[in-house]
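**Q** Following this message is one structure expressed as structure tokens.
The values are calculated or read from the model by the stated rules, or taken from the named source; none is laboratory data. Note that the structure is predicted; figures quoted are calculated from it, not measured. Positions of Cβ are generated from backbone atoms using ideal geometry, with glycine treated the same way; all protein chains shown enter the neighbour counts. For accessibility, only protein heavy atoms count, side chains too; no ligands or nucleic acids. Shrake-Rupley method; radii C 1.70, N 1.55, O 1.52, S 1.80 Å.
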Amino acid sequence: MSTRPALARALTTWDVVAIGVNGVIGGGIFLAPATVARLAGGWSTAVYLFSGALVALIALCFAEVGGRFGRSGGPFLYAQEAFGPFTGFQIGWFTWIARITSLASLANGLVTYAGYLAPEAGSGIPRVAILALLLGGLSLINILGVAWGAWAIDVLTIVKMAPLALFVLAGIAHIEPARLSPGAAPDLSKLAEAALFMIYVFGGFEVLVFPAEEMIDHRRAVPRAIFVTLGVVALVYLSIHVVAMGTLADLGATSTPLSTAAQGFLGSAGGILITIGALLSICGTESGLMLTTPRLIYAMADHGHLPASLCRVHPRWRTPHIAIAAQGALALGLATAGSFEELAKLSAIARIVSYAATCLALLVFRARGGGSASFTVPGGPVIPVAAVLLCAGLVATSSARHLALGAAALAVGTLFYLLRLRQASKAH
């Protein structure tokens, strides 16, 4: 019998909601309007609506499945229970890739917005120093206890919403309706690329299921938090998109769309305020990722898929401290070497794979019977099947480069799994 300390059940429903909102509303929305405008032009609104609808279908499946499990792991755990260890490992592997690349890409997004205030922050030693301070500081906070990590997320959730609300409320009066006209449709490949990017921006809600083992009441907290998160995100994202597109003439030409738009209708002080809001928002999302993703590593190590040291729990702080430290170090390496947009697209591919697996797992759990959840997705198999088909279609229309990266990730994961099996057989 293991004498390892148990993780502390300290997360309230509000904490889980804050984790969900932080998981979605982060640096992505401060950068997405320009990226989507470059790809989809006047059809950006259609891309937002399509991607948001797809994520909503997936989130409904997570709400039912997540309420069934009171253990850490999220999509990895669901896939392993439904399809066995190999598939479980691969989904855990893809989920981890999605989260670690998201952590790194958002750290780069923070540096981009810091460059709006101080251009020298965007390169060289200052850039690396900012990345190290961000990721190292958040690692330390979360090692010291889940309650400290949750407190940081709660505070940053409240703080980040204020400048976004100001941007929308102040910008509505300055919208020029002609700028919202769709115009000619771009190539289907461009629309698909924009939709894939928006899956990255809309995604992130799934991190709230990772720390189920530390929730006070996971059966109720998970579905409630997902519904609240989706409602808040839909309102905030569409409002911000309409204001940015309706107030900025050449939206796709700027790297800091919200700050540039705010400068136009609020003056230089408005641009600075939105930039500060972007920095705080990214910090909030990074804090949420630093709390949740190590619980995935912890769960995979606990099932024997990763080195046992990664599921150690600190005897005093009752956190997976080695998993947290390892994640911080890996994220720093990726952030230093990569860019926001490339890391975001790789994260989106990996995320879609884990989404589809959870939707399929829901069908398996229902067929088996047993277990219970406080929420059931209506319509029988219609929504899970529709979500899987849409995910498959989106992956199929991805660029050859990103499909190759996904295939390479799958190959590396398979090799790692086989090596772990070999080590385990030798140990016995």
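**Q** Quickly run through region 298-321 and pick out the residues that are closer than 17 Å to Leu103 by Cβ and open to solvent by 10 Å² or more (accessible area, probe 1.4 Å).
**A** Leu310
**Q** A further question on this structure: Those residues that are small (Gly, Ala, Ser), in a helix (DSSP H, G or I) and open to solvent by 10 Å² or more (accessible area, probe 1.4 Å), I need them from region 244-266; list them, please.
**A** Correct list: Gly252, Ala253, Gly264.
**Q** Being of a type in the set (Gly, Ala, Ser) and modelled with pLDDT of 85 or more is the filter; apply it to region 119-132 and report the residue that is surrounded by the fewest Cβ atoms within 10 Å (Cβ to Cβ).
**A** Going residue by residue through region 119-132, those that are of a type in the set (Gly, Ala, Ser) are 121-124, 129, 132.
Then drop every residue that is not modelled with pLDDT of 85 or more, which leaves 129, 132.
Numbers: Ala129: 11, Ala132: 15.
Checked region 119-132; the qualifying residue surrounded by the fewest Cβ atoms within 10 Å (Cβ to Cβ) is Ala129.
**Q** Additional query: Which of the numbered conditions does Ala269 fail, given that it passes all the others? Conditions: (1) at pLDDT 85 or above; (2) over 30 Å from Ile175 (Cα atoms); (3) surrounded by fewer than 18 Cβ atoms within 10 Å (Cβ to Cβ); (4) of a type in the set (A, V, I, L, M, F, W, C).
**A** Checking Ala269 against (1) at pLDDT 85 or above; (2) over 30 Å from Ile175 (Cα atoms); (3) surrounded by fewer than 18 Cβ atoms within 10 Å (Cβ to Cβ); (4) of a type in the set (A, V, I, L, M, F, W, C), the one that fails is (2).
**Q** Now for a different question. Any residue at all in region 394-402 that's open to solvent by less than 60 Å² (accessible area, probe 1.4 Å) and at pLDDT 90 or above?
**A** Kept after step one, since they are open to solvent by less than 60 Å² (accessible area, probe 1.4 Å), are these residues of region 394-402: 394-395, 398-399, 402.
Still in the list and also at pLDDT 90 or above: none.
Checking region 394-402: not a single residue is open to solvent by less than 60 Å² (accessible area, probe 1.4 Å) and at pLDDT 90 or above.
**Q** Starting from region 15-31, keep only residues that are of a type in the set (Lys, Arg), then list their pairs with residues that are open to solvent by 10 Å² or more (accessible area, probe 1.4 Å) and at pLDDT 75 or above whose Cβ atoms are within a distance under 6 Å, requiring at least 6 positions of separation or different chains.
**A** Listed pairs, sorted by first residue: none to list.
**Q** So, Leu140, is that one in a helix (DSSP H, G or I), open to solvent by 40 Å² or more (accessible area, probe 1.4 Å) and at pLDDT 85 or above or not?
**A** Here the answer is yes, as Leu140 does meet what is asked.
**Q** Does Ala107 qualify as being closer than 28 Å to Gly328 by Cβ, touching a residue at least 60 places away in the same chain (Cβ under 8 Å), surrounded by fewer than 24 Cβ atoms within 10 Å (Cβ to Cβ) and out of contact with any Pro (no Cβ under 8 Å at 6 or more places or on another chain)? Step through it out loud before you land on a result.
**A** Numbers: closer than 28 Å to Gly328 by Cβ: yes; touching a residue at least 60 places away in the same chain (Cβ under 8 Å): yes; surrounded by fewer than 24 Cβ atoms within 10 Å (Cβ to Cβ): no; out of contact with any Pro (no Cβ under 8 Å at 6 or more places or on another chain): yes.
So Ala107 does not fit the description; no.
To keep it simple, each residue is scored yes or no on (1) modelled with pLDDT of 85 or more; (2) in contact with a helix residue (DSSP H, G or I) (Cβ under 9 Å, 6 or more places away or on another chain); (3) open to solvent by less than 20 Å² (accessible area, probe 1.4 Å).
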residue	(1), (2), (3)
Leu164	yes, yes, yes
Pro177	yes, yes, no
Ala184	no, yes, no
Val201	no, yes, yes
Pro211	no, yes, yes
Thr229	yes, yes, yes
Val233	yes, yes, yes
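**Q** Another question, if that's okay. Which members of region 19-46 meet the condition of being assigned to a helix (DSSP H, G or I) and within 13 Å of the chain's Cα centre (by Cα)? Show your work before the answer.
**A** Taking region 19-46 first, the residues assigned to a helix (DSSP H, G or I) are 19-24, 28-46.
Residues satisfying the conditions are Ile19, Gly20, Val21, Asn22, Gly23, Val24, Gly28, Ile29.
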